[in-house]
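Undergrad: One structure, pasted below without further comment.
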Amino acid sequence: MTDITNTPAAEYDAQLGDYFALLKPRVMQLVVFTAVVGMLAAPVSVHPVIGFASILFVAIGAGASGALNMWWDADIDAVMRRTAKRPIPAGKVQPGEALALGVGLSFLSVMMLALSANLLAAGMLLFTILFYAVFYSMWLKRATPQNIVIGGAAGAFPPVIGWIIATGSFSVEAWLMFALIFMWTPPHFWALALFMRSDYDDANVPMLTVTHGRPSTRRHILAYTVLLVILAVGTGFTAIGGYIYLATAVVLNALFLLGAYRIWQRDEVMAEEDNYAVERKFFRLSLYYLFLHFGAILIEATLRPYGLGGW
Amino acid sequence: MGIRTEHELHSRRKGRNVGVGIMLAGFVVLIMLLTFVKITQTDFARAPGTATPATGSEAND
């Protein structure tokens with residue numbers, strides 16, 4: 001006879017927080033913030049309820065792709081120090097549960113976004129989920145050192161989706177916000193790869209640091225930063241820019257460029273002497289960099305109805 | 001053995017069940033609000049297939 005009392009009491013029961021951790025809450029914060037900025041920067045106003053619901057569904061979709069990523073990458077996560085405590089390698093959640101949660105929430109979020117906003121926004125969300133979970137996680141990440149470059153696009157789509165929620169169409173401004181995140185992702189992750197040392201080596205992930213070496217990674221960081229600086233400052237002269245954005249961009253990009261230049265000048269001996277202080281500082285700055293750029297776009301958009309924002 | 005309504009499993013999973021319940025309730029409220037906004041924002045007089053007679057200028061829209 002099967003009896004429910006046979007369930008072992010000592011067995012760990014996943015709590016709600018463990019399932020929530022599968023959704024990568026920190027990535028979701030960035031997704032929500034950039035999608036909100038994309039939506040508010042658009043020249044069409046959105047009803048607050050529709051806006052709130054749509055952004056929530058975008059966040060759920062992003063979380064779903066995070067759960068699918070954790071399901072697929074559980075073997076890598078178990079090896080890397082940075083990710084070993086994630087719910088699946090820690091034994092808190094079964095891989096099948098993560099897969100079910102990811103697939104279920106993907107369907108739910110895309111369907112609900114189609115109802116709350118429009119079909120194009122829902123289509124873009126579906127494309128983003130598939131891009132991250134299938135194209136990046138299942139293929140690119142383990143196949144090419146350019147994984148971060150191309151995979152970075154997945155994280156860059158949310159402001160475009162936000163813009164489409166408001167307007168129902170694409171535009172140059174939306175793609176500029178996309179490009180900002182897209183170009184920011186490689187220097188951000190390569191700086192992390194420099195000071196996380198052996199994590200990616202241990203997991204056999206073909207990070208640039210592993211395949212091309214650390215000096216090459218330093219050169220790549222500088223090259224991508226130069227391109228990013230041109231793009232970020234140039235955006236200041238478009239419809240989503242303005243005095244506040246431009247001032248913010250000039251200061252941040254000067255600091256970012258200086259950081260990338262210092263990283264390029266150093267070698268491993270110098271870096272190990274101060275425990276990668278310059279690389280760590282650059283990584284921390286990169287977090288503020290993106291937040292403040294999008295914050296400035298948001299301020300410009302908020303002030304525009306009062307005749308203050310923009311040009 | 002009598003049927004016990006409260007099993008050890010229930011108390012162990014109480015937090016999880018309450019959390020799912022709250023989320024489902026929130027989802028229901030959200031759908032309700034969305035429906036209300038969509039209905040009040042939609043101009044049904046102009047929706048295709050409605051029997052509302054159009055004025056001369058609207059008929060040419």
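The values are calculated or read from the model by the stated rules, or taken from the named source; none is laboratory data. Remember, predicted model here, so these are calculated numbers, not experimental data. Calculation scope for accessible area: heavy atoms of the full protein, side chains included, ligands and nucleic acids excluded. Shrake-Rupley method; radii C 1.70, N 1.55, O 1.52, S 1.80 Å.
Undergrad: Ignoring everything but the protein chains, give the 1.4 Å probe accessible area of A:Y19 in square angstrom, nearest 10.
TA: Here the residue's solvent-accessible area equals roughly 40 Å².
Undergrad: While we're looking at this one, here's another question. When only C-alpha pairs under 8 Å and at least 6 residues apart count, what is the relative contact order of chain A, in percent?
TA: 18
Undergrad: What is region A:57-147 by shape, rounded, prolate or oblate, if you read a ≥ b ≥ c off the alpha carbon gyration tensor as root eigenvalues and call it rounded for a/c under 1.5, prolate for a/b larger than b/c, and oblate otherwise?
TA: Since a/c reaches 1.5 but b/c is at least a/b, the shape of region A:57-147 is classed as oblate.
Undergrad: Pairs of Cα atoms under 8 Å, at least six residues apart: use those to get the relative contact order of region A:171-311, whole percent.
TA: Once divided by the residue count of region A:171-311, the mean separation gives 29 percent.
Undergrad: Can you grab the distance from the C-alpha centre of region A:106-140 to the C-alpha centre of region A:240-311, Å, no decimals?
TA: Result: 29 Å between the Cα centres.
Undergrad: Let me cross-check A:T211: its accessible surface, 1.4 Å probe, with only protein heavy atoms counted, in Å² to the nearest 10?
TA: Accessible area, nearest 10 Å²: 70 Å².
Undergrad: Could you tell me the relative contact order of region A:16-170? Use alpha-carbon pairs under 8 Å, at least six residues apart, and round to a whole percent.
TA: After rounding, I find 35 percent.
Undergrad: Using Cα positions and a limit of under 20 Å, work out the lysines in reach of A:K24, with same-chain residues fewer than 8 apart set aside.
TA: A:K85, A:K92, A:K141
Undergrad: Any idea how far the Cα center of region B:16-37 sits from the one of region A:12-72, in Å?
TA: Spelled out, the Cα-based centre of one part sits 16 Å from the other.
Undergrad: Would region A:228-311 count as rounded, prolate or oblate if I go by the C-alpha gyration tensor, calling it rounded below 1.5 in a/c and otherwise prolate when a/b exceeds b/c, oblate otherwise?
TA: prolate
Undergrad: Sticking with this structure for a sec: Can you classify chain A as rounded, prolate or oblate using the Cα gyration tensor, where a ≥ b ≥ c are the square roots of its eigenvalues, rounded means a/c under 1.5, and otherwise it's prolate if a/b beats b/c and oblate if not?
TA: Taking the square roots of the gyration eigenvalues as a ≥ b ≥ c, chain A is oblate.
Undergrad: Between B:Q41 and B:E8, what length comes free when the chain is fully extended (0.36 nm per residue of separation minus the Cα-Cα distance, one decimal in nm)?
TA: The B:Q41-B:E8 span can extend by a further 6.9 nm.
Undergrad: Filter the DSSP H helices in chain A by two things, a Kyte-Doolittle mean of at least 1.0 and an axial alpha-carbon span of 15 angstrom or more, and list the hits by number.
TA: In chain A, the long hydrophobic H runs are A:25-41, A:48-72, A:95-116, A:119-130, A:172-195, A:243-265.
Undergrad: At 222 nm, what helix-only mean residue ellipticity would the protein assembly as shown give, in deg cm²/dmol to the nearest 500, using -39500 (n - 2.57) for each DSSP H run of four or more?
TA: The helix contribution divided over the protein assembly as shown gives -22500 deg cm²/dmol.
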